[in-house]
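K.L.:
Structure in structure tokens, see below.
The values are calculated or read from the model by the stated rules, or taken from the named source; none is laboratory data. Just so it is clear, the structure is predicted and the values come from calculations on it, not from any experiment. In this analysis, Cβ positions are derived from the backbone assuming ideal geometry, glycine residues included, and neighbour counts consider all displayed protein chains. Side chains included, ligands, DNA and RNA excluded: accessible areas come from the protein's heavy atoms. Shrake-Rupley method; radii C 1.70, N 1.55, O 1.52, S 1.80 Å.
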Amino acid sequence: PLMDIIKVAGTSRTSAVAGAIAGVFRENHRAEVQAIGAGAVNQAIKALILAKGYLASDGIDIAFVPEFSDVEIDGKVRTAIKLVVVEHGSTPT
């Protein structure tokens with residue numbers, strides 16, 4: 001199933017992003033988080049830590065795998081950090 005990438009900005013609220021990650025993961029057993037820039041990556045990591053706690057209360061243990069991803073914004077290619085969220089012990093596809 002095709003799912004939306006959760007895009008995180010430096011100004012994103014970590015609790016809102018964490019809730020989105022947990023919700024997408026519960027539905028798809030996988031989530032993808034994208035961040036461009038140091039502030040956005042910081043917020044994304046904090047949100048993943050919160051989401052890990054949210055999902056742990058449901059007995060789900062997650063891990064995330066970082067990747068680089070090229071994204072075109074206003075005609076320019078930028079490098080984003082993509083964090084693929086998977087169940088701990090599984091490999092991302």
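The rows are residues; the columns are (1) within 13 Å of the chain's Cα centre (by Cα); (2) at pLDDT below 95; (3) of a type outside the set (K, R).
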residue: P1; (1), (2), (3): no, yes, yes
residue: G10; (1), (2), (3): no, no, yes
residue: A16; (1), (2), (3): yes, no, yes
residue: F64; (1), (2), (3): yes, yes, yes
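K.L.:
How many residues does the stretch 55-93 hold that are over 17 Å from R26 (Cα atoms), assigned to a loop (DSSP other than H, G, I, E, B) and of a type in the set (G, A, S)?
P.N.:
Residues flagged as over 17 Å from R26 (Cα atoms), assigned to a loop (DSSP other than H, G, I, E, B) and of a type in the set (G, A, S) within the stretch 55-93 amount to 1.
K.L.:
While we're on this one: Would you mention how many residues in the stretch 1-13 are open to solvent by less than 40 Å² (accessible area, probe 1.4 Å) and of a type in the set (S, T, N, Q)?
P.N.:
Of the residues in the stretch 1-13, 1 are open to solvent by less than 40 Å² (accessible area, probe 1.4 Å) and of a type in the set (S, T, N, Q).
K.L.:
Right, something else. Could we say that A16 is part of a helix (DSSP H, G or I), exposed (fewer than 14 other Cβ atoms within 10 Å of the Cβ) and either of a type in the set (V, I, T) or on the phi < 0 side of the Ramachandran plot (or both) here? Steps first, answer last, please.
P.N.:
Numbers: part of a helix (DSSP H, G or I): yes; exposed (fewer than 14 other Cβ atoms within 10 Å of the Cβ): yes; either of a type in the set (V, I, T) or on the phi < 0 side of the Ramachandran plot (or both): yes.
It is true that A16 is part of a helix (DSSP H, G or I), exposed (fewer than 14 other Cβ atoms within 10 Å of the Cβ) and either of a type in the set (V, I, T) or on the phi < 0 side of the Ramachandran plot (or both).
K.L.:
Here is a further query. Just one of the numbered conditions (1) aliphatic (A, V, I, L, M); (2) more than 17 Å from D4 (Cβ to Cβ); (3) surrounded by fewer than 18 Cβ atoms within 10 Å (Cβ to Cβ) is not true of V71; which one?
P.N.:
(2)
K.L.:
Report the residue count in the stretch 28-54 for those that are open to solvent by 50 Å² or more (accessible area, probe 1.4 Å), part of a helix (DSSP H, G or I) and either closer than 10 Å to V8 by Cβ or not basic (K, R) (or both).
P.N.:
7
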